[in-house]
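Participant: Handing you a structure now.
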Amino acid sequence: MTLKIENHQLVGDLVSHRSTPNHGGIMAPGYLIFHYTAGRSVAGSVQSLCTRKPRGNASAHVVLGRDGEIVQLAPFNVVTWHAGVSQWAGLVGLNSHSIGIEMDNAGLLKKVGNQYQAWFAKAYPEDEVTFAAHRNGGPVSPWHAYTEAQIERAIELAELLVEHYDLQDVLGHEDIAPGRKIDPGPAFPLAAVRSRVIGREQDEPARYVVTASSLNIRKGPDASFERVAAALKNGTEVLLLEARDRWSLVEVIADPEIEGWVSNAYITARSGRGLATPRFTVAGPASTDPTFASSKLKKGGKGKKARKHGL
Ligand SMILES: [Zn+2]
């Protein structure tokens, strides 16, 4: 099954288009957000998301059905209204920064007699039910299961969107509005989908190279810590294991026994994937870590970039 994007619209098998009046202006998406519809069918959800109501208008870019069918409701570079009050990585109001995928799924079910009922009173057989606790809290509960075809299409669509728009992350509504929302819920394998879609980059620690003529490698992220080995020579290749704003934990590729902290000022990314802050690219004095590093340093500072690299 082929799927591609032309002029912000999906083209491919099992793809159709409707146009929702519930949208905002142009945006550059940075995230992908998964939802469930809590509805009874694709047709019903599409109708609802394409209807202008007196209040509480909602929409999304795509509705994904249980047989893998996709209905696109708005171009991917246009704001839709799927996230509501939400925040992530310092952003507030994810509608303006994300693509929303609504998956046809009844959501949280309730046991009534020996049946499992949705909020709209439709009953689902036990083989369409997943029992799990939500990772945001609460007891083990029955949830409407997603289908294999739907999960496979979700992965295909997510891979395409992440690649095409260079998205930073794949999240659930439950991540960006945790007190308020529980979708797509524990029946959807979000962590597996996320690592499959953006994990390749995260699995591999970034390669860095020493730019100073020699560079001290220390037990901790500060020049007051003792050295763990002889100073690293210019050109030594290291793997970045953990990045802080001024120091990084690295492992020497040629000698993995050597692991320690080095000043960010004297290492640079091998493949162009640098540290988040350009101020570290200055060449600096030609030997060891500088004495200014022993003064008070800001700790932490893992930014968006560090996150993307799985740090
Ligand atoms: Zn949602």
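Please treat every number below as a calculation from the coordinates, not as lab data. This one's a predicted model, so the numbers in the text were calculated from it and none came from an experiment. Ideal geometry is used to build each Cβ from the backbone, glycine not excepted, and the neighbour counts take in all protein chains shown.
Participant: To the nearest 20 debye, what is the magnitude of the charge dipole of the stretch 207-269 about its Cα centre, counting +1 on the Cβ of each Lys and Arg and -1 on the Cβ of each Asp and Glu?
Facilitator: Working: 7 positive and 9 negative charges, 42 e Å.
Here the size comes out at about 200 debye.
Participant: Follow-up. Going by Cα centres, the stretch 77-103 and the stretch 151-230 are how many Å apart?
Facilitator: When both Cα centres are located, 20 Å separates them.
Participant: Under 5 Å between amide H atoms, partner at least 5 residues away or on a different chain: which partners does residue 242 have, H built in plane at 1.01 Å?
Facilitator: For residue 242, whose amide H was placed from the backbone, the distant partners under 5 Å are 249.
Participant: If amide H atoms are built 1.01 Å from N in the plane of the peptide, which residues on other chains or at least 5 residues away come under 5 Å of the amide H of residue 59?
Facilitator: So residue 59 has HN proximity to 81, 82.
Participant: Sticking with this one: Considering all projection directions equally, how large on average is the shadow of the alpha-carbon convex hull of the stretch 1-156, in square nanometres?
Facilitator: 10.2
Participant: Taking every pair of distinct Cα atoms and averaging 1/r, then inverting, what Kirkwood hydrodynamic radius in Å comes out for the stretch 207-269?
Facilitator: For the stretch 207-269, inverting the mean 1/r across all distinct Cα pairs yields 11.0 Å.
Participant: Could you derive backbone 3J(HN,Hα) for the stretch 129-143 from the dihedral phi with the Karplus parameters 6.51, -1.76 and 1.60 (θ = phi - 60°), listing whole Hz in sequence and x where the residue is Gly or Pro?
Facilitator: With the stated coefficients, the stretch 129-143 comes to 10, 10, 9, 6, 8, 6, 5, 7, x, x, x, 4, 9, x, 10 Hz.
Participant: Further, regarding this structure: Pick out, from 230, 213, 258, the residue whose Cα sits farthest towards the positive end of the charge dipole of the stretch 205-272, with +1 on the Cβ of Lys and Arg and -1 on the Cβ of Asp and Glu.
Facilitator: Of the candidates, 213 comes out farthest on the positive side.
Participant: Quick one: which residues, 5+ away or cross-chain, put their amide H under 5 Å from the amide H of residue 270? H built at 1.01 Å from N.
Facilitator: The list, which skips near neighbours in sequence, is 207, 208, 209.
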